[in-house]
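The values are calculated or read from the model by the stated rules, or taken from the named source; none is laboratory data. Bear in mind the structure is a predicted one, so any value in this text is a computation, not a measurement. Quick reminder, even Gly has a Cβ in these numbers, built from the backbone with ideal geometry, and neighbours come from all protein chains shown. Heavy atoms of the whole protein, side chains included, go into the accessibility calculation; ligands, DNA and RNA do not. Shrake-Rupley method; radii C 1.70, N 1.55, O 1.52, S 1.80 Å.
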Amino acid sequence: MSKEENPELQAQPERTPEAPVGVPFADFDIPQELLSGLHDSGYERCTLIQEKAIPLGLSGQDVAGEAQTGTGKTAAFLVPIFAHLARKKDRRPGEGPSVLIISPTRELAMQILQDAKDIGRHMDLKMLAVFGGVDYRKQAEALKDGVDLVAATPGRLIDYMKQRIFDPRGVKYLVIDEADRLFDMGFVDDLRWVLRRLPRYQERQSMLFSATLGWKVSEITYEFMNLPTRVSVIPDTKTVAQVTQEMYHCSATEKLNLLLGLLKKEDWSRVMIFTNTKRVVDMLTFKLQAHGLPAEGISGDLTQPKRMKLMEQFKKGDLKILVATNVAARGLHIDDVSHVINFDVPADPEDYVHRIGRTARAGAVGKAITLCCDEYATHLPYVEEYLDAKIPVVFADEDMFLPDNTPAYRRPYRPRRDERGGGGGRGGGGGGGRGRPRPGDKPASRGRSRSRRPR
């Protein structure tokens, strides 16, 4: 049936709890090699979104799924796609990218690739993550050698499409993951550019997953998907019940002392500490290391290879404390994070939910602690209004504020933009740098801005 015959989305909305349903993957009609990969990766029973989406995907239908992070969306789209690939007897491994998965961040692309390798370990599939910040030529050569599945961020994907390194004509399975995040980060034009160059929606199977299916995301499903069936797994609360939430009120000058006390008091195994700024990430990392704690920091300033190395160490358990901005707050599946600490109350209420969603994943339990100081106290009412609940307040005893006798943190000097690049002329503008703009200067046209895309 075409969209012209029925322009309405088929809908199956339902408000349900987030707990796993428990339907065994063995109940689905999927090939043995895929079932073995699921079993070896620890997948035995479905979550709600998997139970609803997998049968639709196996039947060849397009799917628009609404579910929060940490509910198993990756397996919900990988299982039906891999089942279809396993049944293609004439398929030659690496003959061309037939699976394209678009994600908003590099970290999520890497996570999807790892999950795909785990689940498809017994299948002859060539898979690749494509994103910026790493060797352009190495990824290009891997694409030219032939791959079956590509998990990509928009920026680098568009570059390879324009260079005719990535051929979109063979894509038979499309997945748009974290669609609302793609919109929030300003990728809607990039996403449309890519989708217009794929085979028509009748010639491929498409699946879209998002924490919310607002009208902007639904517009994409209508324009670029073939009557997708909508499945919705919306919890009654925005945070999972397995997360114990606590909040401490303190002054901004006391936060570090209280953090040190909490790390001594709490029975933690792996901790993520979130801040609002890169400067505080650097400061906390310096201070925690000075106190002998196994901490590293991750923010947008870090090079991609360094970020990948730190995330891998944290996932393996070699690194116990990760200090981060919101760059690590969404879309990553890291097992056994016992505690999330909001050193700063986030300005965006949704960021609070995504931050504390790093713990208590897949039915586990966890604890989220927020330090509310005078600097960010104005954010708290918006967070609690979004949660439709008050975060329980805990009062700290005096002995929880541990002294900090380490050296003062000094931020590393980073030259201003007008001090970089050298060259003659005042302000560095004569020989290659642009220098400072003078009053009355018109902004130079630089064409399409590419700085906002993860590449």
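At a threshold of 8 angstrom on Cα-Cα distance, excluding pairs fewer than six apart, so keeping six or more, what relative contact order does the range 229-316 reach in percent?
Once normalised by length, the contact order is 15 percent.
Per residue, what accessible area does the range 30-167 have, given a 1.4 Å probe and all protein chains present, in Å²?
37
How large a share of the accessible area of the range 174-294, in percent, is made up of carbon and sulfur atoms when the probe is 1.4 Å and the other protein chains stay in place?
Ligands and nucleic acids excluded, carbon and sulfur give 49 percent.
Could you report the accessible area of TYR201 in Å², rounded to 10, computed with a 1.4 Å probe on the protein chains as they sit in the structure?
30
Keeping all protein chains in the complex and leaving out DNA, RNA and ligands, what accessible area do you get for THR105 with a 1.4 Å probe, in Å² to the nearest 10?
Estimated to the nearest 10 Å², THR105 gives 30 Å².
List the extent of the Cα atoms of the range 18-126 along each of their three principal axes, largest first, rounded to whole Å.
Computed over the range 18-126, the largest-to-smallest principal extents equal 39, 33, 27 Å.
How about the range 15-116: which GluC sites (Glu not before Pro) there are in a DSSP loop, with at most 13 other Cβ atoms within 10 Å of their Cβ?
When the GluC sites (Glu not before Pro) of the range 15-116 are filtered for loop state and at most 13 Cβ neighbours within 10 Å, GLU44, GLU95 remain.
Among rounded, prolate and oblate, which fits the range 242-291 when a ≥ b ≥ c are the square roots of the eigenvalues of its C-alpha gyration tensor, a/c under 1.5 means rounded, and a/b larger than b/c means prolate?
Rounded is the answer for the range 242-291, as its axis ratio a/c remains below 1.5.
Would you work out if the range 56-107 is rounded, prolate or oblate? Take a ≥ b ≥ c from the square roots of the eigenvalues of the alpha-carbon gyration tensor; rounded if a/c is under 1.5, else prolate when a/b is larger than b/c, oblate otherwise.
oblate
Work out how much length SER36 to ALA389 would gain on full extension: take 0.36 nm times their residue separation and subtract the Cα-Cα distance, in nm to one decimal.
Net length gain for the segment: 122.8 nm.
Express in nm, to one decimal, how much length is gained between ASP135 and ASP404 on full extension, taking 0.36 nm for each residue of separation and deducting their alpha carbon distance.
Using 0.36 nm per residue and subtracting the Cα-Cα distance, I get 92.7 nm.
When the Kirkwood hydrodynamic radius is evaluated over all pairs of different C-alpha atoms of the range 103-163, what value in angstrom, to one decimal, is obtained?
About 11.9 Å for the range 103-163.
Hey, could you grab the Kirkwood Rh for the range 114-197? Inverse mean 1/r over distinct alpha carbon pairs, Å, one decimal.
13.8
Express the relative contact order of the range 113-219 as a whole percentage, based on alpha carbon pairs under 8 Å and six or more residues apart in sequence.
With pairs under 8 Å counted, the relative contact order is 24 percent.
Please report the spacing between the Cα centers of the range 102-168 and the range 242-296 in Å, no decimals.
Distance between centres, Cα-based: 35 Å.
For a quick size check, give me the Cα extents of the range 212-319 along its three principal axes, largest first, whole Å.
Taking the Cα atoms of the range 212-319, the three principal extents are 57, 36, 27 Å.
Leaving ligands, DNA and RNA out of it, report the carbon-plus-sulfur percent of the accessible area of the range 64-125 at a 1.4 Å probe.
42
How much solvent-accessible surface does LYS162 expose, in Å² to the nearest 10, with a 1.4 Å probe and all protein chains in place?
Roughly 100 Å² of LYS162 is accessible to a 1.4 Å probe.
What does the charge count around ALA252 come to, taking other residues whose C-beta lies under 10 Å from its C-beta (Lys +1, Arg +1, Asp -1, Glu -1)?
-3
Using the Cα centre of the range 38-177 as the reference point, and only Cβ charges (+1 on K/R, -1 on D/E), how large is the resulting charge dipole? Debye, rounded to the nearest 20.
Here the size comes out at about 420 debye.
Could you work out the Kirkwood radius for the range 186-263, taking every pair of different alpha carbons, averaging 1/r and inverting it, reported in Å?
Answer for the range 186-263: a Kirkwood hydrodynamic radius of 17.0 Å.
What base-10 log of the normalised intensity I(q)/I(0) is obtained for the range 157-230 from the Debye formula, alpha carbons as equal point scatterers, at q = 0.20, 0.26 Å⁻¹?
-0.88, -1.35
Give me the net charge for the shell around PHE166: Cβ to Cβ below 11 angstrom, other residues only, Lys and Arg +1, Asp and Glu -1.
+4
Which value, to two decimals, describes the C-alpha radius of gyration of the range 60-175 once divided by 2.2 N^0.38 Å?
Against the empirical 2.2 N^0.38 Å value, I get 1.02 for the range 60-175.
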